[in-house]
Structure formats: structure tokens, C-alpha cells
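Structure, as C-alpha cells:
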Amino acid sequence: MSTPTGFMEFSRQLPIDRDPSERIKDWEEFHKHMSDEELRTQGARCMDCGTPYCHTGVDMAGGTSGCPVNNLIPEWNNLIYRGLWREALDRLHKTNNFPEFTGRVCPAPCEGSCTVGLIGQPVTIKTIEQAIIDKGFEEGWVVPKPPERRTGKRVAVVGSGPAGLAAAAQLNKAGHNVTVYERADRIGGLLTYGIPAMKLDKGVVQRRVDILEAEGIEFVTNAEIGGNIPAQQLVDEYDAVVLCGGATKPREFNIEGSDLKGVHYAMTYLNGTIKSFLDSGLEDGNYISAKDKDVIVIGGGDTGSDCVATSLRHGCNSITQFGTHEKAPLERDSLGNPWPQFPNVYTLDYAQEEAKAIYGQDPREFSIMTTKFVGDESGQLQELHTVQIQRMIDDTGRKVYQPVPGTERVFKAQMALIAIGFDGPEQTLIQKLGLETDRRSNVEAHKGRYTTNVDKVFAAGDMRRGQSLVVWAINEGREAAREVDKYLMGSTVLV
Ligand SMILES: Cc1cc2nc3c(=O)[nH]c(=O)nc-3n(C[C@H](O)[C@H](O)[C@H](O)COP(=O)(O)OP(=O)(O)OC[C@H]3O[C@@H](n4cnc5c(N)ncnc54)[C@H](O)[C@@H]3O)c2cc1C
Ligand code: SF4
């Protein structure tokens, strides 16, 4: 236990991020650190409750409750309180291969299920996690640790997002020879091409990739399995294949006018900017720019928010974000959304905070649906037509959205970014290998086993569970590696 009464003595504090109106002028990370002493005080707020829901990651009521990689949170809170940073780092790495990613981008379901949160504000778990790993790198404690012996078994991992990287790291640790195949020109999956640089610096991703490479993992980029490299070749040449190809097939939005100039899918928009930024600091101009445009982002999730923050940095004229969901309450509904469920409460994320700093208000419109896009004679988008909607339960018990008559509106926009989610993994590789899929078109491979219907072939991460979170991808990559190790060796050395 840190201190028996810390949660009563100290209040929750978060680091003060960079000023939103300043940080939109660059692409640097917006996070700042707290001092060691402040972090020690925050660690002291952990009450060591005895049944720490914070480290039991489970799906609950359509969300995540607790930490999916089962981080040993009360233990490292206590170590930070005692000033034992290196020991805290070792404890963190036991369960999480990449805390520098989760410490930056995780929505922290651990905090939603923290016991202190039952009667007050939860412990600042995510901030402490990032501080531990960042100090680890600063102090030079995070160094390559190649395995002492090799098993002679060869494993191919397809896809280099957090699931593929976690699987590769664990399999390499077990002594197998691992090659990661990535179709993009850079390693990292959505950590590189997806999440923008101001949320996750690309140098932070590359730093970890360099360590994995120094530990003996081979990375092959521009290698599309089922494209320029035949899928069957991997199955024939390797002892096991782990598919971690993600789930980034965009959900289509085919309404009147969706083919107009100025209407783009979010990933095309975001990735163009990231690639141009990495290739040339945006000098090559090979990206879709929101400069001077009135931009409407359709979609209220993470991807939509990243479009808002990117448009602000391009210098858009105005920004609005549409969501079909209702505005969340200011406080957790203790009956409909009780602890330890992920709290559904009104907050501003980093992008909305930035938009508010510039334009004076939350950029979101809630319970709204776009009915058509309207363009000018040259085919350029000019307007979005919308209607307010309300959620109803139909005769079969399903939730449906009904338009509210008389609530029609017209919004001026020269750019619309569609961020309404994803429809599962791309199917080419799945079909080429003859893999079975579930009803949502994800690869059928049961959680905990990760085996597919094809011998030697395993699947993990978004490709198995659908678009999710970085922390779930790491969890699945680790667990799949354990199953592959068992398959290859008869038992496993991985925990
Ligand atoms: C814009 C955006 C923002 C997000 N923000 C957050 C966030 O803030 N926090 C959070 O927790 N989660 C966030 N997510 C979700 C998170 O990024 C994903 O859940 C996570 O990256 C999934 O990891 P993965 O390894 O399963 O797949 P991915 O990260 O999608 O990686 C899959 C990789 O496989 C490669 N690949 C696919 N097919 C082939 C093939 N045939 N051959 C070779 N390579 C192939 C792809 O190129 C890709 O690099 C975000 C998602 C998006 C789209
Ligand atoms: S990985 Fe996410 S859920 Fe787990 S401790 Fe870190 S912030 Fe919390």
C-alpha cells in the first residue's frame, strides 16, 4: 500500500498539457510530464483496495473495464510512491511490451474502474504509466535484450501494428526467429499511419522498432502478403504464421453527393498528412489540405477527433464534428452506467479542446445525421444537409435512429471527412488462405486460442476482434504468441 489515507489527503491531478492555441501551430506531442514529487503524491492516492478492478481488463456493457494487459497498477503506484522507478519499470514491462504507446493513447479504462473512483476521482494511472516508461528511456534503462538461446523455429508475423509488434516481441523472447512483413513503407500499423504525430510522436514508435530489431526481429516493409508475396509461400516456409493485418476497411457512406470533390474518407486524409510529414515535413504537398476550408467531420470517435486536430493544424476556416450519439451527461449515471463500467460522461478530448480554444465552443453537434451533400456546378462540395435524430427501440427490440421532423439544417462546407468506423479487415488475404470469418467478417479465431481453421495460421488484434484499441491489440499479440509457442514447443515459457 502506498499510504493508507493518501486518497483522502490528496486530490487527483493531471499534467497540464501544452496550451491548445499554441500547440495547433505544430505537430509536436501535446503531453507534458508532472514532476517526480507530484507523481509520487498521485501514486500515494492508490488505496491498494485488495480487489483491484483496474487491472482486470474485461468487456463490459459494450465497453472495456479495467486494463486489458492486466498491468500491475497498485504495485507500480506503490513503487513510485517509494521512489523505486526502475523496479516500477520492470513491473510495467512484465505485462506491457509498449507502455510508451498506451501511456500516450490509451483511453484508460483502468481509471474508469479504479476503486477510489467509487467515492471520488480515480488515481491518475495513465499519467504514471507514461512517466515510468519515459523515465526508463531517459535513464537508458530500456535496452535491447536478445534471447539467450534460439529454438530454430521460424515464425512469420503479418502486419506491424501493436498486435503484430507484441506478438513478434514475445515470440522472439521465447527464442523463435521472427520475421514481420508489413505492406506499408514504415513499421507501426496505425501507430504510424493512423494516430497523428501530436498524439503519438513517430520517433517514439521508431525507437521501439529499433530495439526490437536489435533484439533480432527481422522487419520487411513494402511486403504485401497475398499481394507481392504469395500467402501460401509463408505457410510453406514458416513453422507458424500470425496474422495481425488490422481492420481498416472503411464503412461506406453512400448518400447523395458522396462522390463530390471535397468528400474524403478519414484514413485517406489522415494518412496523406502523416506520410507527407514524415517524408518531407509537409514540403512535398502530397496530402489533402484543409487550409481555409469549412470542414465537417462526420463521426464522433477517435478517428473523427484526429481529423479535427489535423484540420486545425492545416489552418481550416472552421471545424464541426457530427455524431449520431446524444450528448453524454456530466456525471456517470449510477444506474445505467455504474462503476466499474467505462464511464460515459461528457468530456472534451484533445482535439475538441483545441477547437474550443480557437473558436470558443465545442465543435461537436450531437444526435445529427447527414442526409445529402450538395455541390456547385463544378462538382465541388458546398453544403451538408442534416436532420436531428432520436434513438428508439423498434418492435424487435433493436436500437434504431429516427429523424425528428422539422429539425432539418444546412451547413456550409467545402470539405467533409467521413470517419464513421470500419467494416472489418480487408478480405484478399483472408480469401487467399481460405480462412473462415465471423458474422462481422473478422477472422474466426477464438479469444484465448487464436487458432484459425488453417493449420499453423493464427490471428490476433483488430483482424480478429474488429477495430478496437491499442491496448487490446497488445493483449492479443501477447496471448497469441503464447499459443504459438505452445504449438511449436508443446509448452510455453511465456506468461
Ligand atoms: C485514426 C485512428 C486513431 C486511433 N486512435 C486510437 C487511440 O487514440 N487509442 C487507441 O487505443 N486506439 C486507437 N485507435 C485504434 C488502434 O489504432 C487499433 O485498434 C490498433 O492499432 C490495432 O492494432 P493491430 O495491430 O491489430 O492493427 P493495425 O494497427 O491496423 O496494423 C495492421 C497492419 O497490418 C498491415 N497489413 C494489413 N494487411 C497486410 C498484408 N496483407 N500484408 C502485410 N501487411 C498487412 C497494415 O498495413 C498495418 O500496418 C485508432 C484507430 C484509428 C484508425
Ligand atoms: S494500458 Fe491503458 S488500461 Fe492499462 S494501465 Fe495503461 S492506461 Fe490503463
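Where a number appears in this text, it was derived from the coordinates with a stated rule and is not lab data. Everything numeric here is computed off the predicted structure, so don't read it as measured data. Positions of Cβ are backbone-derived with ideal geometry, glycine not excepted, and every protein chain shown enters the neighbour counts.
Here segment 373-406 and segment 164-197 have alpha carbon centers that stand 40 Å from each other.
Counting only C-alpha contacts under 8 Å and six or more residues apart, can you give the relative contact order of the chain as a whole percent?
Once normalised by length, the contact order is 16 percent.
Our helix-only sum for the chain, with -39,500 (n - 2.57) per DSSP H run of n ≥ 4 divided by its residues, gives a mean residue ellipticity at 222 nm of -9500 deg cm²/dmol.
Counting beta carbons within 10 Å around each of Thr310, Thr437, Thr371 and listing the fewest first gives the order Thr371, Thr437, Thr310. Fully extending the segment from Leu14 to Lys249, taken as 0.36 nm per residue of separation minus the present Cα-Cα distance, adds 81.0 nm.
Note on Lys399 and Ser258: their simple-model spin labels are 2.1 nm apart, each label 7 Å out from Cα toward Cβ. Near Gly66, once Lys and Arg are set to +1 and Asp and Glu to -1 for all other residues with Cβ below 11 Å from its Cβ, the sum equals -2. Tally the DSSP beta bridges in the chain and give the antiparallel ones as a percent, rounded to 5. Percent antiparallel among DSSP bridges in the chain is about 40.
Would you work out if segment 28-78 is rounded, prolate or oblate? Take a ≥ b ≥ c from the square roots of the eigenvalues of the alpha-carbon gyration tensor; rounded if a/c is under 1.5, else prolate when a/b is larger than b/c, oblate otherwise.
oblate
Amide H contacts of Leu282: Phe277, each under 5 Å away and 5 or more positions distant or on a separate chain (H built 1.01 Å from N in the peptide plane; Pro and chain starts excluded).
Projecting label points 7 angstrom from Cα along Cα→Cβ for Glu37 and Asp239 puts them 5.4 nm apart.
Counting Lys and Arg as +1 and Asp and Glu as -1 over every other residue whose Cβ lies under 15 Å from the Cβ of Asn172, the net charge comes to +2.
Using only the Cα atoms of the chain, build the gyration tensor, take square roots of its eigenvalues as a ≥ b ≥ c, and label the shape rounded, prolate or oblate: rounded if a/c is under 1.5, else prolate if a/b is larger than b/c, else oblate. Because a/c hits 1.5 or more and a/b fails to exceed b/c, the chain counts as oblate.
For a bin width of 5 Å, list the pair-distance distribution of segment 6-138 built from all Cα-Cα distances, rounded to whole %. Result returned by the calculation: 2, 11, 20, 23, 21, 12, 7, 3, 0, 0. Checking the cross-link pairs Lys293/Lys399; Lys199/Lys275; Lys202/Lys412; Lys356/Lys412; Lys327/Lys399; Lys145/Lys447 against a 24 Å limit on the alpha carbon distance flags Lys293/Lys399; Lys202/Lys412; Lys145/Lys447 as lying beyond it. Remark: Thr407, Thr3 ranked as Thr407, Thr3, counting other beta-carbon atoms within 10 Å and listing the fewest first. Contact order, relative form, for segment 1-149: 25 percent (alpha carbon pairs under 8 Å, 6 or more residues apart, mean separation divided by residue count).
The DSSP beta bridges internal to segment 263-418 are antiparallel in roughly 55% of cases. Using the Cβ-Cβ distance between Glu22 and Ser491 with R0 = 60 Å, the FRET efficiency computed as 1/(1 + (r/R0)^6) comes to roughly 0.65.
How far is the Cα center of segment 211-289 from the Cα center of segment 315-357, in Å? Cα centres, segment 211-289 to segment 315-357: 29 Å. Working note: Cα atoms of segment 271-326, range along each principal axis, descending, whole Å: 40, 21, 12.
Subtracting the Cα-Cα distance of Glu408 and Arg86 from 0.36 nm times their residue separation leaves 110.1 nm of extension gain. By its C-alpha gyration tensor, with a ≥ b ≥ c as the square roots of the eigenvalues, how is segment 263-418 shaped: rounded for a/c under 1.5, else prolate for a/b larger than b/c, else oblate? Oblate is the answer for segment 263-418, as a/c is 1.5 or above yet b/c matches or exceeds a/b.
Find the centroid of the Cα atoms in segment 100-139 and in segment 466-495, then give the distance between the two in whole Å. Each part reduced to its Cα centre gives a spacing of 23 Å. What aspartates and glutamates sit close enough to Lys25 to cross-link, taking a C-alpha to C-alpha distance under 12 Å and skipping anything fewer than 8 places away on the same chain? Here the aspartates and glutamates satisfying the reach criterion relative to Lys25 are Glu354.
Were the residues from Arg440 through Glu426 laid out at 0.36 nm apart, the gain over their Cα-Cα distance would be 3.9 nm. Look at Val143, Val220, Val470, Val209 and count the other Cβ atoms within 10 Å of each Cβ; fewest to most, that gives Val143, Val220, Val209, Val470. Taking amide H positions as modeled 1.01 Å from N, with prolines and chain starts lacking one, the residues under 5 Å from Phe219 and 5 or more places away or on another chain are Val180. Neighbours of Phe422, meaning other residues whose beta-carbon lies under 11 angstrom from its beta-carbon, give a summed charge of -1 when Lys and Arg score +1 and Asp and Glu score -1.
Averaging sequence separations of C-alpha pairs under 8 Å and six or more residues apart, then dividing by the length of segment 263-418, give the relative contact order as a whole percent.
It rounds to 25 percent for segment 263-418.
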